[in-house]
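> Have a look at this one.
We did not get these values from a lab; they are worked out from the coordinates using the rules stated. Computed from a predicted structure; not experimentally measured. All Cβ positions, glycine included, derive from the backbone under ideal geometry; neighbour counts span all protein chains shown.
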Amino acid sequence: MSGRRELALLGGEPLYSKPLYLTRPLVPDEARFHELIATIFRNRWFTNDGEMLRELEKRLALRLGVDSCTTFCNATIALQVALRSLDLRGEVITSPFTFPATVHAIEWTGLTPVFCDIDPATYNFDPASAAEWIGANTCALLPVHVFGNPCDVVGIEKLAGARGLRVVYDAAHAFAVSHLGRPIGVWGDLSVFSFHATKLFHTAEGGAVVGGDPDRLKLLRNFGILNEEVVRGSGLNGKLSELHAAMGLTVLEKVDEEIAARGRLTQAYRERLEDLPGVHFQRTPADHVPNNGYFSLEIDADEFGLSRDQVHRTLRAENILCRKYFFPLCSENEAYRHLPSADPARLPNAHRLAARILCLPLFGDLGMDNLERIAECVRAARAGAERIRRETALR
Ligand code: T4K
């Protein structure tokens, strides 16, 4: 393509007339979904611990290899309830290289977020950096398995154990991942999964907490109501409806196919891009089973000839909706940038990565032809770097 087609950024026709999205939700079997919806209608039971929800929680616990799975209306609320269920007070150390929900959940629970730096190769919470921030007020660690890549769970366990801290994992991206021969959800005190439509497994909107005390979690997600006459403590409404549970039950039937399809696409992306100077990939441990939820590139501007932002512009001009997950860092948010731990000088790896990372479209039915075109656009950007630099500098 590089020799044959002018890039849209340089005046050519965009490769796609309609947006090619970063991801597309897994669409379940429609007939099966309608069957479940018909059952919900017949039962006239739409929410509050219904039949679909109980079945989904049972099946999810099995699929995730955990004792219990308590569903929620989304992972942001699930994170808040997870923290609340541990009766924490004080500071929670987390990574700034994450979706805003991770840090907001800490703040909305009345706790104080403290940022530590990340490992530059795995993009995950760095226990050595976290150790520097542990003080008398620290109560917990909240690491994130970024793009489904398992954190240094052993290092985190050691650190937390030595300092008497609780560990809540943000496993929003890590559905069905396992590490060191164990399902990802068994590490730490609790793990929180997101079932948003953009996730590999989804319920349109939804989330879950695994581990912990399911009775307490259920109490907190239902206003603290124990029974018709007893309301125990303060709770919120974090329930997942029967309609969402029906979506989850049907999506679950196809999720392994989706993981396999994304695995083939991930492999194809790597083969087409790994020899490109300036392109690097997230380092993952050999002893883990991935879910292929995201495909990220790390662009080294000096080697590639273009910055990540220039590559982003080049692909967006083609209508390829790649994304800069996670830029800006959470520590740059006006709500948190006053914190001492948000000082960029203390977060060099996170800042460096936030300026280099680019997620490319990945979903089961993306199609190999689309993947070839996307990869070819990245290669064309590299080949035309000098011209792109010259011509876009004038705009
Ligand atoms: N912790 C972490 C580490 C997270 O990444 C997230 C969420 C959370 C916690 C909180 O989980 P939830 O409370 O959401 O359960 C999306 C998702 O909304 C968000 O759930 C997710 N992380 C984040 C990484 O991605 P946006 O604002 O980037 O989404 P949006 O609307 O731009 O969509 C992304 C792409 O998906 C677009 O190319 C369009 C496409 N799309 C989206 C939707 C909703 C579709 O094709 N169909 C759809 O229905 O946040």
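> Return the tail of the calculated pair distribution for segment 262-311, meaning the percent of Cα-Cα pairs more than 14 Å apart.
Values: 688 of 1225 pairs.
Summing the P(r) tail past 14 Å for segment 262-311 gives 56 percent.
> Here is a follow-up. Which order do HIS145, HIS338, HIS173 fall in if you start with the one that has the fewest other Cβ atoms within 10 Å?
On the way: HIS145 28, HIS338 7, HIS173 24.
Least to most surrounded, the residues fall as HIS338, HIS173, HIS145.
> Starting from the Kirkwood Rh over alpha-carbon pairs, what translational D in µm² s⁻¹ does segment 52-178 have by Stokes-Einstein at 20 °C and 1.002 mPa s?
Values: Rh = 15.0 Å.
Value of D from the Cα-based Kirkwood radius: 142 µm²/s.
> Let me ask something additional. Which of rounded, prolate, oblate describes segment 112-268, given a ≥ b ≥ c as roots of the alpha-carbon gyration tensor eigenvalues and a/c under 1.5 marking rounded, otherwise prolate only if a/b is larger than b/c?
Details: a/c = 2.36, a/b = 1.06, b/c = 2.23.
Oblate is the answer for segment 112-268, as a/c is 1.5 or above yet b/c matches or exceeds a/b.
> While we're looking at this one, here's another question. Scanning the chain for GluC sites (Glu not before Pro) in DSSP loops with at most 10 other Cβ atoms within 10 Å, what's the longest stretch left with none?
Working: sites that count: GLU228, GLU229, GLU274, GLU334.
In the chain, the maximal stretch lacking such sites is 1-227.
> Now a separate question. With only alpha-carbon atoms in the gyration tensor, what are the semi-axes of the equivalent ellipsoid for segment 262-395, in Å, largest first?
Working: eigenvalues 132, 91, 37 Å².
Value: 26, 21, 14 Å, ordered largest first.
> Okay, moving on. Would you work out the relative contact order for segment 84-203, in percent, from Cα pairs under 8 angstrom that are 6 or more residues apart?
Working: 219 pairs, mean separation 24.7, N = 120.
21 percent.
> Just check segment 49-105 against the gyration tensor rule for me: Cα atoms, a ≥ b ≥ c as the square roots of the eigenvalues, rounded for a/c under 1.5, and otherwise prolate or oblate depending on whether a/b exceeds b/c.
Numbers: a/c = 2.25, a/b = 2.04, b/c = 1.10.
It is prolate, given that a/c is not under 1.5 and a/b is the larger ratio.
> Please turn the phi angles of segment 37-51 into ³J(HN,Hα) values with the Karplus equation 6.51 cos²θ - 1.76 cosθ + 1.60 (θ = phi - 60°), one per residue in order, whole Hz, x for glycine and proline.
Couplings: 5, 4, 4, 4, 4, 4, 5, 6, 10, 9, 7, 6, 6, x, 5 Hz.
> A follow-up question, please. Which far-off residues, 5 or more places away or on another chain, put their amide H under 5 Å from the one on THR138, with H placed in the peptide plane?
For THR138, the qualifying residues are GLU91.
> Which FRET efficiency value, to the nearest 0.05, do you get for ARG283 and ARG42 by plugging their Cβ-Cβ distance into 1/(1 + (r/R0)^6) with R0 = 56 Å? Kindly include the intermediate steps, with their values, before the conclusion.
Values: r = 51 Å, r/R0 = 0.91.
That gives a FRET efficiency of 0.65.
> For helix 255-273, what angle does its Cα long axis make with the longest principal axis of the chain, in degrees from 0 to 90 and rounded to 10?
The angle comes out near 30 degrees.
> A further question follows. Enumerate the amide H contacts of LEU297 below 5 Å, restricted to partners 5 or more residues apart or on another chain; note that Pro and chain-start residues carry no placed amide H.
Result for LEU297 returns LEU358, CYS359, LEU360.
> With the calculation restricted to Cα positions, what are the radius of gyration and Dmax of segment 189-233 in angstrom?
Values for segment 189-233 (Cα only, Rg and Dmax): 13.2, 40 Å.
> Just the ratio, please: alpha-carbon radius of gyration of segment 1-91 over 2.2 N^0.38 Å, N its number of residues. Please list the in-between numbers first.
On the way: Rg = 22.6 Å, N = 91, 2.2 N^0.38 = 12.2 Å.
Expressed relative to 2.2 N^0.38 Å, the Cα Rg reads 1.85.
> Let me ask something else about it. Pull out a ≥ b ≥ c, the square roots of the eigenvalues of the alpha-carbon gyration tensor of segment 285-349, then state rounded if a/c is under 1.5, prolate if not and a/b is larger than b/c, and oblate in the remaining case. Don't skip to the end; give the middle numbers.
Values: a/c = 1.80, a/b = 1.27, b/c = 1.42.
Judged from the Cα gyration tensor, segment 285-349 comes out oblate (a/c at least 1.5, b/c at or above a/b).
> Another question about this same structure. Just want to confirm a number: the relative contact order over segment 321-395, from Cα pairs under 8 angstrom separated by 6+ residues, in percent. Please report the intermediate quantities before stating the final value.
Working: 34 pairs, mean separation 25.8, N = 75.
The normalised contact order for segment 321-395 reaches 34 percent.
> Grab the other residues whose beta carbon is less than 13 angstrom from that of LEU347, score K and R as +1, D and E as -1, and report the net. Write down the numbers at each step before the final one.
Values: positive: ARG337, ARG346, ARG352; negative: ASP117, ASP119, ASP126, GLU132, GLU332, ASP343.
Overall, the nearby charge balance is -3.
> Quick one: order ILE374, ILE37 by neighbouring beta-carbon count within 10 Å, fewest to most. Spell out each step's value before the answer.
Details: ILE374 25, ILE37 16.
By the 10 Å Cβ count, ascending: ILE37, ILE374.
> So, with +1 on the Cβ of K and R and -1 on the Cβ of D and E, and no other charges, what is the size of the charge dipole of segment 271-395 about its Cα centre, to the nearest 20 debye? Could the numbers behind the result be given before it?
Details: 18 positive and 19 negative charges, 99 e Å.
Dipole of segment 271-395, to the nearest 20 debye: 480 debye.
> About the Cα centre of segment 38-121, how large is the charge dipole given +1 on each Lys and Arg Cβ and -1 on each Asp and Glu Cβ? Please answer in debye to the nearest 20. Write down the numbers at each step before the final one.
Working: 8 positive and 10 negative charges, 103 e Å.
My answer is approximately 500 debye.
> With θ set to phi - 60°, apply the Karplus curve 6.51 cos²θ - 1.76 cosθ + 1.60 along segment 241-248 and write out the HN-Hα couplings as whole Hz, x wherever there is a Gly or Pro.
Karplus-based 3J(HN,Hα) across segment 241-248 equals 7, 5, 5, 5, 5, 5, 4, x Hz.
> Just want to confirm a number: the relative contact order over the chain, from Cα pairs under 8 angstrom separated by 6+ residues, in percent. If you can, show how the numbers build up before the last one.
On the way: 792 pairs, mean separation 93.4, N = 395.
Computed over the chain, the figure is 24 percent.
> Taking a quarter of the surface of the Cα convex hull of the chain, what do you get in nm²?
Details: hull surface 83.2 nm².
Mean projected area of the Cα convex hull: 20.8 nm².
> Are there trypsin sites (Lys or Arg not before Pro) in segment 72-171 that DSSP puts in a loop and that have at most 13 other Cβ atoms within 10 Å, and which ones?
Values: sites: ARG84, ARG89, LYS158, ARG163, ARG166; in loops: ARG89.
Passing sites in segment 72-171 are ARG89.
> How would you order 39-50, 187-198, 341-352 from highest to lowest mean count of nearby Cβ atoms within 10 Å? Each step should come with its number before you reach the end.
On the way: 39-50: 13.2, 187-198: 24.2, 341-352: 17.2.
Averaged packing, sorted descending, gives the order 187-198, 341-352, 39-50.
> Take the residue pairs LYS158/LYS199; LYS18/LYS199; LYS158/LYS218; LYS218/LYS254; LYS218/LYS239; LYS18/LYS254 and return only those whose Cα atoms are more than 19 Å apart.
LYS158/LYS199; LYS18/LYS199; LYS158/LYS218; LYS218/LYS254; LYS18/LYS254
> How many nm separate the modelled label positions at HIS34 and LEU180, each set 7 Å beyond the Cα in the direction of the Cβ?
Distance between the two pseudo-spin positions: 4.9 nm.
> Oh, and also: Expressed in nm to one decimal, what extension gain is obtained for the pair GLU271 and ASP215 from 0.36 nm per residue of sequence separation less their Cα-Cα distance?
Working: separation 56, 0.36 × 56 = 20.16 nm, distance 4.75 nm.
Stretched out fully, the GLU271 to ASP215 stretch lengthens by 15.4 nm.
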